[in-house]
Structure formats: C-alpha cells, structure tokens
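Below: the structure, in structure tokens.
The values are calculated or read from the model by the stated rules, or taken from the named source; none is laboratory data. Keep in mind that this is a model prediction, so the values were computed, not measured. Every residue, glycine among them, receives a Cβ derived from its backbone with ideal geometry; neighbour counts consider all protein chains shown.
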Amino acid sequence: MTDCAACGFAYDLAQAPDVSGLARRHADDYARLLRAEPSALRQRPAADVWSPLEYACHVRDVLLVQRERVLAARRRDTPVAEPMGRDERVEHDGYADQAPADVARQLRDAAGLFGGALDRLSAADWERTLIYSYPEPEERSLRWLAVHTLHELRHHLLDMRRQLVAPDGA
C-alpha cells in the first residue's frame, strides 16, 4: 500500500508502536463528532457515499476486526485475514439506525481493545505476518497492519469532518 492521495496519509512503518495511543485519541475525536445533530449524522451526501454515522460504525468494526487479526497472527504462522465484508455490514448491522452515543462508546472500547493488543507486541511480534487481502492478497507484517489501521482511522475521520462541516466553514 502506498501513501493515500485522498487524505495525505503517509505509510511510515516506524510509527507502528505509536498507533495504540493514536487509535485511542482518534476514538475520542470520533466521539466528539458523534455529538452532532442525529439527522446530520445519518445523512448520506450521495446514495453511494456513507453517512458520518456509517463511517463511525465502520471504523469501530475495523478496530475490532484488526484486533482479531493481530491476535491470529500471534497464534498462527501467516494466517489469512478474511475480508470483513465492509459493504455488507452497513446493511446487515444496520449502521444507519444505531444510536450515535452507543457508537461513540463502542468506538472508544474498540480502540482500547485494539490498542491493548498492540501494546502487548514484542519487537519480534511486530514482524509476524498475515496474508492481507486488500488491495490485493499480500503478506503483511503486524507493523503494516497497525499503520494501515491508523490510515483507516484518519481517512474516515476526514470523511466525517467533510460531511459535518458546512461548505462555508460555519
């Protein structure tokens, strides 16, 4: 995975050990945004673009799935990270109907769980690998997985902010 032109994120694997704390801080940022007017949180700007609430639910689930992937890579040699079904989850889990306050709490909990798994990695554990299916199946280190998760957090935080801030900056 290369740097993200859409959000400006640079994949720097050296920052992997900092992701635990950054994930927790970003979960607080999401929780603040989830205090917006519920109708604004549920509004999709286009039929094929998620609402801010749907992005927040997605990030919560990403954190939980990534935690399980970290734990799997510590238990087994080079496990395959099955796709999380990101698009299906929007409907199957009813993202648009969830209570923003509940999602905010769950996001903080998910960031704590994910961060806790990262906090327990030894220097050797960071180099353990798994087969990651996105964008193409490839063997990736837990260091990469942590940084990729940070990208997800920052990218979708930007998506939410863009939708919740009026075009005139008001």
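Which members of the stretch 144-161 meet the condition of being of a type in the set (D, E, K, R), within 15 Å of VAL49 (Cβ to Cβ) and either in contact with a Phe, Trp or Tyr (Cβ under 7 Å, 6 or more places away or on another chain) or modelled with pLDDT under 95 (or both)? It would help to see each step written out before you state the result.
First, pick out the residues of the stretch 144-161 that are of a type in the set (D, E, K, R): 152, 154, 159, 161.
Then keep just the ones that are within 15 Å of VAL49 (Cβ to Cβ); that gives 159, 161.
ASP159 - this is the single residue of the stretch 144-161 that is of a type in the set (D, E, K, R), within 15 Å of VAL49 (Cβ to Cβ) and either in contact with a Phe, Trp or Tyr (Cβ under 7 Å, 6 or more places away or on another chain) or modelled with pLDDT under 95 (or both).
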Filter result (more than 16 Å from the chain's Cα centre (by Cα), part of a loop (DSSP other than H, G, I, E, B) and closer than 24 Å to GLN163 by Cβ) within the stretch 11-40: ARG35, ALA36, GLU37
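Residue check: is LEU121 part of a loop (DSSP other than H, G, I, E, B) and either charged (D, E, K, R) or surrounded by 13 or more Cβ atoms within 10 Å (Cβ to Cβ) (or both)? Break it down stepwise before answering.
Working: part of a loop (DSSP other than H, G, I, E, B): yes; either charged (D, E, K, R) or surrounded by 13 or more Cβ atoms within 10 Å (Cβ to Cβ) (or both): yes.
So LEU121 fits the description; yes.
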ALA110, sole failed condition from (1) part of a helix (DSSP H, G or I); (2) small (Gly, Ala, Ser); (3) surrounded by fewer than 20 Cβ atoms within 10 Å (Cβ to Cβ): (3)
Qualifying residue in the stretch 79-91 (condition: crowded, with 18+ Cβ neighbours inside 10 Å and either in contact with a strand residue (DSSP E or B) (Cβ under 8 Å, 6 or more places away or on another chain) or in contact (Cβ under 8 Å) with a residue 60 or more places away in the chain (or both)): yes
Extreme residue, nearest to LEU158 (Cα to Cα), among residues of the stretch 55-68 that are charged (D, E, K, R) and surrounded by fewer than 23 Cβ atoms within 10 Å (Cβ to Cβ): ASP61
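Would you mind finding the one in ARG75, ARG67 that is more than 13 Å from the chain's Cα centre (by Cα) and under 26 Å from GLU138 (Cβ atoms)?
On the way: ARG67 fails: more than 13 Å from the chain's Cα centre (by Cα).
After ruling out the rest, the residue left standing is ARG75.
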